[in-house]
1. Is it true that some residue in the stretch 170-178 is farther than 19 Å from Gln144 by Cα and of a type in the set (Phe, Trp, Tyr)?
2. Go through the stretch 53-67 and report how many residues are modelled with pLDDT of 95 or more and not in a helix (DSSP H, G or I).
3. Of the residues Val365, Val360, which single one is within 12 Å of the ligand (Cβ to nearest atom), assigned by TED's automatic domain parsing to the domain that holds Ser335 and either modelled with pLDDT under 95 or among the β-branched types (Val, Ile, Thr) (or both)?
4. Considering only the stretch 325-338, I want to know if a residue exists there that is among the β-branched types (Val, Ile, Thr), within 16 Å of the ligand (Cβ to nearest atom) and in the same structural domain as Arg241 (by TED's automatic domain parsing).
5. I want to confirm something. Restricting to the stretch 100-133 and keeping residues that are basic (Lys, Arg) and at pLDDT below 85, which single residue is nearest to the chain's Cα centre (by Cα)?
6. Failed condition for Asn156, given (1) over 21 Å from Ala64 (Cα atoms); (2) outside any helix (DSSP H, G or I), with all others met?
7. I'm checking my understanding of the structure. Among residues of the stretch 134-172 that are of a type outside the set (A, V, I, L, M, F, W, C) and closer than 16 Å to Ser85 by Cα, which one is farthest from the chain's Cα centre (by Cα)?
8. Specify which of the listed residues (Glu167, Glu147) is out of contact with any Leu (no Cβ under 6 Å at 6 or more places or on another chain), at pLDDT 90 or above and not in a loop (DSSP other than H, G, I, E, B).
Amino acid sequence: MGNDLIQIANARPPGGAPLELPAGEGLAPSATGIGLGAKTFYIETFGCQMNVHDSEKVAGVLMARGYRPVDSHQAADIILYNTCSIREKAAQKVFSRLGAFRKGSAGAGKIIGVLGCVAQQEGERFFERTPQVSLVCGSASYTQLPELLGQLEAGNRRVTGLSLDTEDCFETELTRRDNLHRAYLTIIEGCDQRCAFCVVPATRGPERSRSGAKIVADCQRLVDGGYTEIQLLGQIVNAWRDPQPAGWSFAELLARVAEIPGLRRLRFTTSHPRYFTSEIVAAIDSHPVLCNQIHLPVQSGSTPVLARMRRGHTREEYLEKINCIRGSQRAISLSTDIIVGFCGESERDFEETLSLLAQVEYDQVFAFKFSPRPNTDGLGFQDTIPEEEKSRRLTALLELQRQIQLRRNQALLGQVMEVLVEGYQPRLGQAVGRTTTNRVLNFPGEPADIGCYMKVQVTAVGPNSLVGSRVLEQGDGALECSGGLTGGQYGS
Ligand code: 5AD
């Protein structure tokens, strides 16, 4: 395998397309021309999908410099934590990890770096609080990562990349892809909204859209490399606007990517209701490759709370978007994010949120207790809702949603659905499939099914997943399988 990859590297036209490497594969140091020997790195990622994909790109940057990925921090020369600060609990995780290196020799001789949103938020304070850290870099400065690593290699003890003042996107020559079936691709970085609860504009910098032509070329390369599913990413993915003179809208971009021959599934996340247009629904209607799934965070069902959150839409405006989606020719599955206990949320406001859930009938809801964050306007508001009350509201909301999901899933009993098999559970002898609506559908299968598209009939349901059995069709000998770079060979 290693040799194949070197050939890929050699086959690359000068200044040409970036490389894609599956997880666990590295370029041999000799293939890079940078003689760093067998130095190793380990990255642990917290938080959102954007972070997961940023880590794939950071891994690519390190591999292009001759570093080799390893599975544990004990085995690594460089240890990186890609952090999340969306809520206080998430932000604390990195400090507990770093605590392990405070005393004794666990971190001796190693480079320890902090990336991502907590890095941006805490900046050089990391060096005082956790002196074992030598690299602090926020995502808006990842374009400088090779230079920062160079400084560390040259013997610098402490380096930072903390500027938010950038118009650049993080482009890499090499990306290590950790998901063998679904390729992630960032199309827009940063965020210009000022939602009162959200730390992201302060940690990820201003919005920067990548060019439409580059995105389509990247997707084409991913499909050529064997991926059949692509997920386009952005903090607000549908705020994407083509910076090139062609000036495509987001819906046009979706259509262009969906038209790439060989692509079977196209998803995008996360959409903001303010930028959600009927053209996006029209693109889904006319391109079967676009999955029956939209994640559209509402945060609250109460218009006064939405106004305090500075979301830029009312409950009614949001429901109009939902109506438009429900008017699609396809049964589009909807999911959302909710914050309970935002500053000043009354019992009545909360009930408005419950009634919105009952009205929309989402297939999945991600709900969180409000957590005041630094550098947000919400920090200045009084956090009036006691913790126990936030917990009570969260529990009540999740219970209502559990019933909704169970009911909706029960309506699927007997239906035959196409799944992409993403995993295998040896203990249960079950293949783990995913439907176009992003539901998990388990069925008796085998490891060799991973990466294949199969038809499965739903035989039992729970609130969070479905169980089924495979439907064999004529001509099923020629199953279509997917797999980045190695064409569906995983798990066999
Ligand atoms: N407290 C609680 N939840 C938050 N989110 C964002 N900021 C906060 C916060 N301060 C939630 C929102 C967002 C999701 C990614 O995290 O629901 O959509």
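The values are calculated or read from the model by the stated rules, or taken from the named source; none is laboratory data. Here the structure is a predicted model, which is why all the values come from computation and not from measurement. Glycine also receives a Cβ, built like all others from the backbone with ideal geometry; neighbour counts cover every protein chain displayed.
1. Keep residues of the stretch 170-178 that are farther than 19 Å from Gln144 by Cα, which gives 177-178.
So of that shortlist, the ones also of a type in the set (Phe, Trp, Tyr) come out as none.
No, the stretch 170-178 has no match at all.
2. 0
3. Numbers: Val360 fails: within 12 Å of the ligand (Cβ to nearest atom).
The match here is Val365.
4. Just the residues of the stretch 325-338 that are among the β-branched types (Val, Ile, Thr), to begin with: 325, 332, 336, 338.
From the residues that got through so far, the ones that are within 16 Å of the ligand (Cβ to nearest atom) too are 336, 338.
Among the residues that remain, those that are also in the same structural domain as Arg241 (by TED's automatic domain parsing) are: 336, 338.
For the stretch 325-338, residues among the β-branched types (Val, Ile, Thr), within 16 Å of the ligand (Cβ to nearest atom) and in the same structural domain as Arg241 (by TED's automatic domain parsing): present.
5. First, the residues of the stretch 100-133 that are basic (Lys, Arg): 102-103, 110, 125, 129.
Then drop every residue that is not at pLDDT below 85, which leaves 102-103.
Details: Arg102: 31, Lys103: 34 Å.
Looking at the filtered set, the residue picked out is Arg102.
6. (1)
7. So in the stretch 134-172, the residues of a type outside the set (A, V, I, L, M, F, W, C) come out as 134, 138-139, 141-144, 146-147, 150-151, 153, 155-158, 160-161, 163, 165-168, 171-172.
Retained after the next criterion (residues that are closer than 16 Å to Ser85 by Cα): 138-139.
Values: Gly138: 17, Ser139: 14 Å.
Here the residue is Gly138.
8. Working: Glu167 fails: not in a loop (DSSP other than H, G, I, E, B).
Answer to the check: Glu147.
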